[in-house]
Amino acid sequence: MLISVHHLTKYNQLKCIVDDVQFTIEERDKIGIVGVNGTGKSTLLKIIAGIEDYQGEIIRKKNMTLSYLPQNNDFIKENRVIEEVYRYIDKNTPDYEIKAMLTKFDIFNFDQKIGELSGGQLKRIALSIALLKPCDLLLLDEPTNHLDSNMIEYLEKYLIKRNKALLMVTHDRFFLERIVNRIVEIDRSQLYSYNANFSSFLEQKEKREEEMLSAQRKRKLFLKKELEWVRAGVQARTTKSKDRLQRFEQLSSIQNIETVNNVEMIKVSSRIGKKTIELHNISMKYNDYLFKNFSYQFKPHDRIGILGHNGCGKSTLLNVIAKIITPTLGEVVYGDTIKVGYFKQGVEDLDVNQRVIDYIKESNQYLITDEGQLSAKQMCEKFLFDSNMQYTPIGKLSGGEKRRLYLLKILMKAPNVLLLDEPTNDLDITTLAILEDFLDYFNGIIITVSHDRYFLDRVCDGLFIFNNHQIEYRIGGYSEYIEMEKNQMKTQPQKTKTVHKRKAKKLSYNEMKELEKLELEIPELENQIKEIEDKMNDVDFSKMQELIQQRDEINNQLEEDNERYMVLLEKQEELKSEM
């Protein structure tokens with residue numbers, strides 16, 4: 001056992017995060033923490049990391065080590081990237097390991113000043129640091145934020161292979177489905193542990209809530225009968241009567257299970273005409289072209305996902321469509337009825353002293369919906385900002401609550417075109433599911449940049465795919481596209497494998513020669529990889545990419561050779577057993 005927690009209680013000002021809870025973390029647990037925004041998921045991580053105070057007892061295994069990825073970092077702006085990494089990790093870590101990890105997350109200029117980097121780049125550096133530190137327990141707070149699909153796939157494989165403990169907060173449902181073996185839910189200041197991945201957790205959670213509500217109904221019926229007995233004026237003259245009165249008092253003191261409120265996504269949008277948004281041969285160039293000569297005419301109910309690696313120009317395309325920036329070439333034409341709502345990455349520069357209700361009223365005092373006219377106050381309540389929270393300064397909200405507030409402000413404008421830039425970042429899973437339901441019935445155009453695979457599958461029926469400064473439109477969702485890409489990549493290797501695995505009565509002369517050749521070639525390839533990794537310690541940024549590419553090519557060759565070598569060995573063994 002790595003960690004044992006007893007009677008843990010934590011308050012953030014007057015709000016109770018957890019109340020007298022206990023749980024354990026075993027050496028190979030892979031745990032996902034879930035709960036609605038503001039319940040204290042990040043706070044619980046900080047407590048385990050030892051950077052947040054608490055009441056109760058936490059017993060840690062002797063000499064246990066941990067590595068923590070926070071939501072926000074405190075890097076020194078004047079430091080270079082490589083200097084900042086070495087502030088946090090063992091000085092004996094080879095340079096090539098650091099550079100290889102940073103490169104995996106699209107950080108190539110190791111001498112760039114921290115203060116010159118974007119928020120997304122800083123998060124990816126922090127993730128690299130967390131993964132580079134050897135540890136018994138890895139703590140990750142929203143690790144997939146700011147990662148593109150290739151990075152997420154790499155991180156997923158890394159965490160699946162890792163055989164030590166993991167505790168993470170994430171909204172990525174694919175992550176929870178494929179990686180974790182346990183889910184801890186924070187619900188009304190209590191912790192509920194499930195030995196389950198995400199889909200199994202949903203089933204077990206529903207069963208738990210049904211059982212709790214059933215027990216509550218039985219308790220209420222019993223109390224009703226006991227109350228009649230008490231009101232009848234029965235005197236507690238016997239031991240039996242005293243026991244019955246005590247039992248009544250104990251059951252009466254149990255609090256009822258509160259109904260969990262969810263965000264209500266009501267139908268809000270303006271009428272959209274036949275002429276929507278037209279992109280005429282748009283190109284965008286800074287030092288080089290991000291994209292060029294792209295044309296598209298949006299249909300009134302298009303649901304478009306935008307895919308591409310980090311830095312290829314996805315957010316720039318959204319800004320061009322929103323007319324925030326003008327394309328280098330071409331034009332964007334709006335129909336007369338177009339009203340754009342743009343949900344950007346992160347949140348706006350919020351005034352931390354401004355009250356929640358005043359921030360929403362900046363967009364609209366009243367909104368016409370399918371339910372009739374709703375005030376800003378009523379809309380706040382539907383987004384789980386009750387009367388008390390509406391008069392709370394924005395600075396006191398959690399990151400997820402700020403994100404939810406920002407989404408409400410966008411919807412208060414009743415747009416008929418929604419531009420969503422990484423909308424799933426920092427939203428809890430419950431809110432995400434409701435947002436997806438809302439988008440199903442949204443009467444307009446949806447254009448989204450997202451690396452949340454589940455969200456893209458759920459929402460989109462078409463894709464804009466960035467590739468070599470071109471944008472290609474494809475019909476279908478994310479999984480269909482990935483499956484098609486994998487099938488195309490596998491076509492040639494599959495034919496080769498089929499030939500390799502074809503059984504023969506004996507190894508031919510050529511096969512024997514091939515086996516001998518592979519026995520010499522495999523160690524040679526392994527040595528080449530080691531030599532390249534040694535060189536990585538002494539090269540600058542300009543040559544790092546070339547070395548990484550060489551190493552990856554040799555790795556691929558090594559995998560093919562190993563696979564072919566095993567096929568020939570198995571065949572040779574089969575022949576020996578038949579003799």
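Distance between the modelled labels on ASP349 and GLU563, one decimal in nanometres: 5.2 nm (7 Å Cα→Cβ projection). On the beta carbon distance between LYS62 and LYS224, with R0 = 45 Å, the FRET formula returns roughly 0.25. Full extension of the chain between SER508 and SER375 gives 39.7 nm of extra length, using 0.36 nm per residue less the Cα-Cα distance.
For the chain, averaging the sequence separation of C-alpha pairs within contact (under 8 Å, six or more residues apart) and dividing by the residue count gives a relative contact order of 14 percent. Summing charges over neighbours of GLY273, with a neighbour being any other residue whose Cβ is under 15 Å away from its Cβ, gives +2 when K and R count +1 and D and E count -1.
In a DSSP loop and with at most 14 other Cβ atoms within 10 Å, the GluC sites (Glu not before Pro) in segment 323-379 are GLU348, GLU362, GLU371. Each Lys and Arg Cβ is given +1 and each Asp and Glu Cβ -1; about its Cα centre, segment 354-439 then shows a dipole of about 400 debye. The accessible surface of the chain, taken with every protein chain in place and a 1.4 Å probe, is 47 percent carbon and sulfur.
Only DSSP H runs of four or more residues enter the estimate; each adds -39500 (n - 2.57), and after division by the residues of the chain the mean residue ellipticity at 222 nm equals -14000 deg cm²/dmol. Computed from the C-beta positions of HIS7 and ASP440, the FRET efficiency with R₀ = 56 Å rounds to 0.80. Accessible surface calculations at 1.4 Å, restricted to protein heavy atoms, place the chain at 53 Å² per residue. Net charge dipole, segment 115-157: roughly 120 debye, given to the nearest 20, about the Cα centre with Cβ charges of +1 for Lys and Arg and -1 for Asp and Glu.
Under a model in which nothing but the beta-carbon of Lys, Arg (+1) and Asp, Glu (-1) is charged, the chain shows a dipole of about 2160 debye around its Cα centre.
Packing order of peptides 551-558, 460-467, highest average first: 460-467, 551-558 (average count of other Cβ atoms within 10 Å over each peptide's residues). Here the contact order of segment 125-183, divided by its residue count and restricted to Cα pairs under 8 Å and six or more residues apart, works out to 42 percent. Set the Förster radius R0 to 35 Å, insert the Cβ-Cβ distance between LEU14 and ASN109 as r into 1/(1 + (r/R0)^6), and round the FRET efficiency to 0.05. Once the sixth-power term is evaluated, E becomes 0.15. Could you sort out which of LYS133/LYS402; LYS377/LYS402; LYS10/LYS133 sit more than 21 Å apart by Cα distance in this structure? In this structure, LYS133/LYS402; LYS10/LYS133 lie more than 21 Å apart at Cα. Gain on full extension, evaluated as 0.36 nm per residue between ASN195 and ILE160 minus their Cα-Cα distance, stands at 10.9 nm. Positive-end ranking of ILE282, ILE25, LEU66 along the dipole of the chain, with charges on Cβ about the Cα centre, is headed by ILE25.
What percent antiparallel are the DSSP beta bridges of the chain, to the nearest 5? If we restrict to bridges inside the chain, about 55 percent are antiparallel. Our estimate of slack between ASP534 and GLU177, defined as 0.36 nm per intervening residue step minus the Cα-Cα distance, is 124.8 nm.
The values are calculated or read from the model by the stated rules, or taken from the named source; none is laboratory data. These numbers were taken from a predicted model, which means no experiment stands behind them. Glycine also receives a Cβ, built like all others from the backbone with ideal geometry; neighbour counts cover every protein chain displayed. Protein only, heavy atoms only, side chains kept; ligands, DNA and RNA dropped before computing areas. Shrake-Rupley method; radii C 1.70, N 1.55, O 1.52, S 1.80 Å.
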